[in-house]
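The values are calculated or read from the model by the stated rules, or taken from the named source; none is laboratory data. Everything numeric in this text was worked out from a predicted model, so none of it was measured. Backbone-built Cβ (ideal geometry, glycine too); neighbour counts: all protein chains shown. Heavy atoms of the whole protein, side chains included, go into the accessibility calculation; ligands, DNA and RNA do not. Shrake-Rupley method; radii C 1.70, N 1.55, O 1.52, S 1.80 Å.
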Amino acid sequence: MEEYAREPCPWRIVDDCGGAFTMGAIGGGIFQAVKGFRNAPAGMNHRLRGSMTAIRTRAPQLGGSFAVWGGLFSMIDCGLVKVRGKEDPWNSITSGAMTGAILAARNGPVAMVGSAAMGGILLALIEGAGILLTRFASSQFPTGPQFAEEPAPMPGPSFGDYRQYHYMFPTSTTRISQPPFNCCLWFSTDQELSQS
């Protein structure tokens, strides 16, 4: 299965890391804005200041956490592509499981197994949804129109018959009195051909 137009493997790590940081910073900023607004003291000025403080302190941290996850995931995915020699959904599922296990390594082996299972299941759901969406979209747009065995003949033109005009190329057997231009192609009617 071909990957959708992603960057080649060394640059994919930087691309995914930056995209994950952006998603984490923007999503975390929105979440922290609401949280800071709700937890601030009464008064609109205090609430807006609490919201901005929460965004300033927590959004970059969430963006950094997402960037670490995205970068580690992409490094493992690129390593699996190199080792296995092909790019398929199993690389992403395995990368999700290994990323979850590595990020939970400080909490012990039980936490590693749980995080690996969650990462693998999450990525399996994402990849499965992508495959189903691709199949559904391809069934909606067939490859081409389906024709009958033999198509019906096209009707003739209703605006006149132009078969009376012929392309004529001068040869040694054709007598030309005076060509209209110094060229090899002109129009002549059936009457002019019968006279020559």
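Here are the numbers:
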{"item": "Candidates Phe37, Phe31, filtered to the one that is in a helix (DSSP H, G or I) and modelled with pLDDT under 90", "result": "Phe37"}
{"item": "Subset of region 29-46 (residues that are of a type outside the set (A, V, I, L, M), open to solvent by less than 100 Å² (accessible area, probe 1.4 Å) and either in contact (Cβ under 8 Å) with a residue 12 or more places away in the chain or touching a strand residue (DSSP E or B) at 6+ places or on another chain (Cβ under 9 Å) (or both))", "result": "Gly29, Gln32, Lys35, Gly36, Phe37"}
{"item": "Meets criteria (out of contact with any strand residue (DSSP E or B) (no Cβ under 8 Å at 6 or more places or on another chain), over 30 Å from Ala116 (Cβ atoms) and touching a residue at least 24 places away in the same chain (Cβ under 8 Å)) for Ile55", "result": "yes"}
